[in-house]
């Protein structure tokens, strides 16, 4: 099941199995901008001349840029506005290259009612290949919290 964009969800609205995703094409400007924002100027991200000599054979996007797509889903779609990131595990499975189309998907896998927390399975794919996976824990406002 998928929620419409920009829907404000309270903890009480969440159900196991709910999913949401975003799709983003990785652009050269994304990689350069992320390098500027993060200070990570590793030439494997910025220099084709350097990257061709690595096992990747071409420039790759920063792993945390790909992970930031998960943050975008959590903050805007599921659980959405008001959700507070508490933790995130990340497993980098394969490189993401400029021009790749990344689908970031999250799924509610556990609900912890006494603390208004949701555990979400997180996955990023390029085509049918998992490039990143992990698990997030977020605090979600309850109806009584936002009155």
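Read the figures in this text as sums done on the coordinates, not as results from a lab. This structure is a prediction, so every number in the text was calculated from the model and none was measured. Quick reminder, even Gly has a Cβ in these numbers, built from the backbone with ideal geometry, and neighbours come from all protein chains shown.
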Computed over the chain, Cα set: Rg, Dmax in Å
16.7, 57
What do you get for the angle between helix 63-76 and the principal long axis of the chain? Use alpha-carbon atoms, 0 to 90 degrees, nearest ten.
30
Förster-model FRET efficiency, 25 Å R0, residue 72 and residue 113, C-beta, rounded to 0.05
0.45
Theoretical ellipticity at 222 nm over the chain - DSSP helices of four or more residues, -39500 (n - 2.57) apiece, nearest 500
-6000 deg cm²/dmol
Take 77, 117 and order them by how many other Cβ atoms sit within 10 Å, fewest up front.
117, 77
Could you give the angle, 0 to 90 degrees to the nearest 10, between helix 28-38's Cα long axis and the longest principal axis of the Cα atoms of the chain?
70
Where does each of 137, 78 land when they are ranked from fewest to most other beta-carbon atoms within 10 angstrom?
137, 78
